[in-house]
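A.B. asks: Encoded as structure tokens, here's the structure I'll be asking about.
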Amino acid sequence: MKKKIRPLTRLLLLVLLAAGSLLLPSCGNSEPKYRIGVSQCGHNEWREKMNREILREALIMEEVEVSIRDAHDDSRRQIEDIRQFIAEKIDLLIISPNESEPLSPVVEEAYRAGIPVILFDRKVLTPHYTAYIGADNRQIGRDVGKYIRARLHNRGNILEITGRKSSTPALERQEGTEEVLRESPGIRIFARADARWKQEAAERAVDSLLRLYPDVDLIVAHNDRMALGAWKAAHRLRPGQHIRIIGTDAVSGNGNGIDLVAQGILDATFINPTEGDSILHLALDILQKKPFPRETLLSTALIDSSNVRIM
Ligand code: FRU
């Protein structure tokens, strides 16, 4: 059931939200019926957007209270966060696992303790979870591959900056791109570096790789932060040369992916949908024992100079 909120109340609540309140009871008079724990693997503009969507949706659901923990890209810390939620007998867990292997046992632990577990954005190795929702990362990889093929007219040298290899989106995006580029022998991914989703690591990696390899036509990075790091290194080392740079995520706001395309820093980015509201609706369906899909793959879209103004 949804509760109507007056515009002024909504504005006040959103201001409180923006001020960073992370524990959010619903705004009804009654006690919330369900406590939902969100275990985020890290914190950045993309996860911040997702958290805002989740919390905003929680505001209009009478039945839920949401609490979010951030593991700062540290798997051990995330395991502790999840164990704490289990000890608190949380009603449902939403988890974005930092790395697939180290997080698998604790996901299974929660699930076997009778807590429904929704995985979002990243996956684990165990089948013992309730549902997955997130981008179709293999499809993002394929779309990136098709874009590269079209831009380079089937010829060129590429450098790939991957996300953390022990997390599933990095593997799936890489596989998707490889699958498409296999059909274009004129395009060569001649070097690859794991920058763990971080801008600074990407900048360092591209700096060293550009010193080793003079002929680079395009750099593909698995997210926009790393794409920006790549651009910084390329801009410093090859100021006069236009190396095309592609990212993923497409978050709006100053200095984020969409803005970087608008500024001409990135050639393109691909939407990695956050859809915090859909995640919370899935959670509620599970808690209310309604039918729900075991896997929800969210779709992506290309943003480049042709449509960035509309975005
Ligand atoms: C945010 C992030 C995104 C990336 C996603 C993959 O933490 O690094 O930039 O697309 O995770 O899981």
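The values are calculated or read from the model by the stated rules, or taken from the named source; none is laboratory data. Every value quoted in this text rests on a predicted model; they were computed, and no experiment measured them. Cβ sites come from the backbone with ideal geometry, for glycine too, and all protein chains shown count toward neighbours. To get the accessible areas, we keep the full protein, side chains included, count just its heavy atoms, and leave off ligands, DNA and RNA. Shrake-Rupley method; radii C 1.70, N 1.55, O 1.52, S 1.80 Å.
A.B. asks: Using Cα pairs under 8 angstrom and six or more residues apart, how large is the relative contact order of region 202-283, in percent?
C.D. replies: Values: 122 pairs, mean separation 21.6, N = 82.
Relative contact order of region 202-283: 26 percent.
A.B. asks: How big is the antiparallel share of DSSP beta bridges in the chain, given as a percent to the nearest 5? Mind dumping the intermediate values first?
C.D. replies: Details: 6 of 43 bridges.
If we restrict to bridges inside the chain, about 15 percent are antiparallel.
A.B. asks: On a 1.4 Å probe surface of the protein chains, which of 224, 217 comes out largest in accessible area, and what is the full order? Let's see the in-between values first.
C.D. replies: Numbers: 224 5, 217 65 Å².
Most to least solvent-accessible, the answer reads 217, 224.
A.B. asks: Here is a follow-up. With springs only between Cα atoms under 10 Å, which of 80, 63, 172 fluctuates most in a Gaussian network model of the chain?
C.D. replies: Result: 80 has the largest fluctuation of those listed.
A.B. asks: Turning to a different aspect of this structure: Over the chain, what is the relative contact order in whole percent, taking alpha-carbon pairs under 8 Å and six or more residues apart?
C.D. replies: Numbers: 648 pairs, mean separation 46.2, N = 311.
With pairs under 8 Å counted, the relative contact order is 15 percent.
A.B. asks: Just to confirm the number: angle between the C-alpha axis of helix 168-181 and the first principal axis of the chain, 0 to 90 degrees, nearest 10?
C.D. replies: Tilt relative to the chain: about 40 degrees.
A.B. asks: Next up: Over region 193-311, what is the percentage of antiparallel beta bridges among all DSSP beta bridges, to the nearest 5? The partial results should precede the final answer.
C.D. replies: Details: 3 of 8 bridges.
Expressed as a percentage, antiparallel bridges in region 193-311 total about 40.
A.B. asks: Eight or more residues apart or on different chains, and alpha-carbon atoms under 22 Å: count the Lys pairs in the chain matching that.
C.D. replies: 18
A.B. asks: With +1 on the Cβ of every Lys and Arg and -1 on the Cβ of every Asp and Glu, and nothing else charged, how large is the dipole of the chain about its Cα centre, in debye rounded to the nearest 20? Let's see the in-between values first.
C.D. replies: Numbers: 44 positive and 43 negative charges, 77 e Å.
Charge dipole, the chain, about its Cα centre: 380 debye, nearest 20.
A.B. asks: Skipping prolines and chain starts, which residues have an amide H placed within reach, meaning under 5 Å, of the one on residue 38, given they are 5 or more residues away or on another chain?
C.D. replies: Correct list: 67, 68, 69, 94.
A.B. asks: Taking only Cα atoms, what is the 0 to 90° angle, nearest 10, from helix 45-59's long axis to the longest principal axis of the chain?
C.D. replies: Relative to the chain, helix 45-59 is tipped by roughly 20 degrees.
A.B. asks: Is the C-alpha gyration tensor of the chain telling us rounded, prolate or oblate? Criteria: a/c under 1.5 is rounded; beyond that, a/b larger than b/c is prolate, otherwise oblate.
C.D. replies: Values: a/c = 2.23, a/b = 1.76, b/c = 1.27.
Note, shape of the chain comes out prolate.
A.B. asks: So what is the calculated 222 nm ellipticity per residue for the chain, using -39500 (n - 2.57) for each DSSP H run with n of 4 or more, over all residues, to the nearest 500 deg cm²/dmol? Write out the running numbers ahead of the final one.
C.D. replies: Numbers: 10 runs with 129 residues, N = 311.
So the calculated ellipticity at 222 nm is -13000 deg cm²/dmol.
A.B. asks: Something else: Could you work out how far helix 75-87 tilts from the main Cα principal axis of the chain, as a 0 to 90 degree angle to the nearest 10?
C.D. replies: Between the helix axis and the principal axis of the chain, the angle is about 10 degrees.
A.B. asks: Right, next: Tell me, in nm to one decimal, what length is gained between residue 208 and residue 183 on full extension, where the rule is 0.36 nm per residue of separation less the Cα-Cα distance? Could the numbers behind the result be given before it?
C.D. replies: On the way: separation 25, 0.36 × 25 = 9.00 nm, distance 2.88 nm.
Length gained, residue 208 through residue 183: 6.1 nm.
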